[in-house]
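The next block holds one structure in the form of structure tokens; read it before the comments.
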Amino acid sequence: MKLLMALTGSLFVLFVLMHMYGNLKVFAGQEAFDSYAHHLRTLGEPILPYSGFLWIFRIVLVLSVIGHAYSAFYLWSKAHNARSTRYAVRAAGAAAWRTQTMRWGGVALIAFLTWHLMHFTTNKINVNSAVSDATIGDSPYQLVVASFQVWWITVFYLAALVAVGLHLQHGVWSAVQTLGWAGTPGARRISQLLGNAVALVVSIGFALPPLFIMFGFVK
Ligand code: HEM
């Protein structure tokens, strides 16, 4: 179960890095951003139909989310049921905080993702009353810019990115060890550094477009 969690988690790390890279195209302007979104749909053509690659990727992601959550709940309930009586001394301090942030942070991330998919993918919700639906049209760039001009949307996404960062920090650290790199204190230190680095790169990389849009540097 830990292996399933580590492998599906590694796939999410690859996905968020790719997604973050795509989002940074906001700085290259509307055409670069929108044509990136368009190319994601024509990838693999003509062997695959339009959006074929994207759909394969979506199915793999959904199965991975199910596998990741299932293994989390399995390990969670196993830890809970392992003893009929409670430990006199429970995990305290840093260990308890990590367990709680992984569990509740994971649940919060699922909630964020539900909103996020409705916001940008399925319903394409325009939350900015100062921008007309006609202006947004079918441009992902316009939808992103209009959204993050609304300060509370930006604050909400920044809060979600804190949850993403904390989850990645511990998740990467844990996955590296599950995948076999735990033998020495040096290896553990490197896995910790890797967790910190991935968490920082991803949360800062994702935070830049909303911040630049909210402060009016990207229009
Ligand atoms: C400020 C941060 C973020 C922004 C501005 C953003 C923006 C977007 C946009 C514009 C889309 C639609 C892409 C399209 O239809 O071409 C999208 C889709 C998506 N985003 Fe994000 N995103 C952010 C953070 C995240 C994070 C942290 C995650 C994961 C934890 C995530 C997961 C997804 C997923 C799964 C999709 C659906 C991809 C698909 O199947 O089409 N996003 N995002």
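The values are calculated or read from the model by the stated rules, or taken from the named source; none is laboratory data. Note that the structure is predicted; figures quoted are calculated from it, not measured. Neighbour counts run over all protein chains shown; Cβ positions are idealised from the backbone, glycine included.
List of remarks:
Residues checked against (1) of a type in the set (Gly, Ala, Ser); (2) under 24 Å from ALA111 (Cα atoms); (3) away from the ligand (no atom under 12 Å from the Cβ):
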{"position": "LEU143", "(1), (2), (3)": "no, yes, no"}
{"position": "TRP151", "(1), (2), (3)": "no, yes, yes"}
{"position": "GLN169", "(1), (2), (3)": "no, yes, yes"}
{"position": "ALA187", "(1), (2), (3)": "yes, no, yes"}
{"position": "ILE190", "(1), (2), (3)": "no, no, yes"}
{"position": "LEU193", "(1), (2), (3)": "no, no, yes"}
{"position": "SER203", "(1), (2), (3)": "yes, yes, no"}
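- When the residues of the range 103-137 are filtered to those that are at pLDDT 95 or above and among the charged types (D, E, K, R), the one that is nearest to the ligand (Cβ to nearest atom) is LYS124.
- The listed residue being in a helix (DSSP H, G or I) and exposed (fewer than 13 other Cβ atoms within 10 Å of the Cβ), out of MET118, MET102: MET118
- Extreme residue, nearest to GLY9 (Cα to Cα), among residues of the range 51-78 that are among the polar types (S, T, N, Q) and either in a helix (DSSP H, G or I) or in contact with a Cys (Cβ under 9 Å, 6 or more places away or on another chain) (or both): SER64
- Verdict on TYR36 being assigned to a helix (DSSP H, G or I), within 14 Å of the ligand (Cβ to nearest atom), in contact with a Lys or Arg (Cβ under 8 Å, 6 or more places away or on another chain) and modelled with pLDDT of 95 or more: yes
- Yes/no for LEU48 being part of a helix (DSSP H, G or I) and either within 15 Å of the chain's Cα centre (by Cα) or not small (Gly, Ala, Ser) (or both): no
- Selection status of MET18, surrounded by fewer than 14 Cβ atoms within 10 Å (Cβ to Cβ), among the aliphatic types (A, V, I, L, M) and under 26 Å from ALA207 (Cα atoms): yes
- Qualifying residue in the range 147-162 (condition: in contact (Cβ under 8 Å) with a residue 12 or more places away in the chain, of a type outside the set (A, V, I, L, M) and touching a His at 6+ places or on another chain (Cβ under 9 Å)): yes
- Single residue of VAL60, VAL13, VAL65, VAL26 found to be in contact (Cβ under 8 Å) with a residue 40 or more places away in the chain, within 11 Å of the ligand (Cβ to nearest atom) and surrounded by fewer than 14 Cβ atoms within 10 Å (Cβ to Cβ): VAL60
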